[in-house]
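The values are calculated or read from the model by the stated rules, or taken from the named source; none is laboratory data. The structure displayed is predicted, hence computed values, not measured ones. Methodologically, a virtual Cβ is constructed for each residue, glycine included, from the backbone with ideal geometry; neighbour enumeration extends over all protein chains shown.
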Amino acid sequence: MTKESKRHILNALKIGLIVNILLAGLKLAFGVIGNAQALFSDGLNSLSDVLISVMLLFFMKIATQKPDDDHPYGHEKYEGLAYFALGIIFFIIALYIGFQASHAIIDLISDGSSMVKPSFITFIISSVALVIKVLLYTYLRKVSKKVDSPTIKADAKNHLIDAWATLASVIGLGLAQLDLIIFDAIASFIIGLFILRLGIEIIKDAISYLTDMSPSEEEMKQIEELILSIAGVIKVDDLKVRRHMNKRYVDVEIAVDGELSLKKAHNIAETVHHRVEIRFPDVIHCMVHVNPYHNKQK
């Protein structure tokens with residue numbers, strides 16, 4: 001990872017942290033003062049974002065370090081750990097918000113007389129938060145495309161989900177101003193569903209990052225076809241491709257004419273090595289092993 005990419009990643013995380021601290025404080029305070037469950041739930045979401053931003057800053061400082069004796073392949077998988085923890089946190093928060101909102105909906109249905117309309121200021125705060133979240137999502141999305149970081153991409157997705165969740169809060173609180181107070185709790189429940197979906201998606205992606213999962217059959221086929229198209233390669237004896245976060249490592253065994261000199265066989269291997277890395281920019285390294293091909297070989 002280049003110094004410029006590292007700088008962009010850490011700056012993006014710091015900006016996200018500052019914005020989330022401000023939003024969490026506003027939402028939680030006015031959610032309590034203004035009796036708005038949707039805004040309070042949205043505030044819990046923003047508070048989790050604060051904790052997540054701190055955690056990501058810690059892990060990304062490690063993940064962006066250069067390879068060393070203990071980690072010759074780099075520290076990128078620490079980003080995978082951060083990604084996985086991110087998903088678990090979202091999952092737990094979603095369950096909590098959903099549980100609280102469900103109870104509130106049941107209570108409001110069974111005892112409508114206890115309903116208290118949220119203050120109008122909660123609608124204003126929620127609307128302002130929506131605009132801020134959209135701007136933050138746009139910024140992080142641009143950064144994620146520039147540096148190709150799965151963690152920044154996940155954080156951008158998080159802010160997009162937050163924007164949808166805050167939109168639900170705006171709608172719920174707007175309807176509550178028309179005395180449809182139950183929609184405040186319904187909006188809170190919808191926010192929980194948004195967060196739950198994001199958490200599950202992130203956990204699935206993180207598992208694939210941390211378990212060296214192979215790419216799709218189509219990607220494997222494309223790599224094999226490229227190797228077979230190179231002059232001197234008679235057969236692909238074995239091909240393994242594993243994920244390294246959002247990158248790939250390729251290990252291939254090729255069969256060449258057994259009568260070739262060592263130098264010619266080496267040149268073919270070098271060609272395979274360079275062609276694969278050029279054709280597939282996400283391949284960090286292509287390791288090539290050469291086998292002699294014989295007519296009796298199956």
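Worth a mention:
- Annotation note: of Val131, Val143, the sole residue that is without any contact (Cβ under 8 Å) to a residue 40 or more places away in the chain, under 30 Å from Lys6 (Cα atoms) and under 26 Å from the mean Cα position of the chain (by Cα) is Val131.
- Qualifying positions in region 9-28 - charged (D, E, K, R) and either at pLDDT 85 or above or buried (at least 19 other Cβ atoms within 10 Å of the Cβ) (or both): Lys27
- Search result, residues across region 240-259 that are surrounded by 16 or more Cβ atoms within 10 Å (Cβ to Cβ) and modelled with pLDDT of 90 or more: Val250, Val252, Ile254, Ala255, Val256
- Test: residue in region 212-226 that is more than 24 Å from the chain's Cα centre (by Cα), surrounded by fewer than 17 Cβ atoms within 10 Å (Cβ to Cβ) and of a type in the set (Ser, Thr, Tyr): no
- Filtered residues of region 159-175 (kept if over 17 Å from Arg197 (Cα atoms) and of a type outside the set (Gly, Ala, Ser)): Val170, Ile171, Leu173, Leu175
- Tabulated pairs, region 221-235, first over 10 Å from Arg279 (Cβ atoms), second modelled with pLDDT under 90 and not polar (S, T, N, Q), C-beta under 6 angstrom, 6+ apart or interchain: Ile234/Tyr293
- Screening Ile105 on (1) under 30 Å from Glu4 (Cβ atoms); (2) at pLDDT 75 or above shows it passes everything except condition (1).
- Residues in region 29-40 that are of a type in the set (A, V, I, L, M, F, W, C) and part of a helix (DSSP H, G or I) were compared, and the one that is surrounded by the fewest Cβ atoms within 10 Å (Cβ to Cβ) is Val32.
- For region 245-283, the set of residues classified as in a helix (DSSP H, G or I) and of a type in the set (A, V, I, L, M, F, W, C) consists of Leu262, Ala265, Ile268, Ala269, Val272, Val276, Ile278, listed by residue number.
- Residues of region 199-211 that turn out to be closer than 28 Å to Gly98 by Cα and either surrounded by fewer than 21 Cβ atoms within 10 Å (Cβ to Cβ) or of a type in the set (Asp, Glu) (or both), as a count: 7
- Checked against the criterion of being in contact with a Leu (Cβ under 6 Å, 6 or more places away or on another chain) and modelled with pLDDT of 85 or more, region 198-213 contains not a single residue that satisfies it.
- Applying the condition of being within 18 Å of the chain's Cα centre (by Cα) and more than 25 Å from Ser5 (Cβ to Cβ) to region 166-198 and asking which residue is surrounded by the most Cβ atoms within 10 Å (Cβ to Cβ) yields Ile195.
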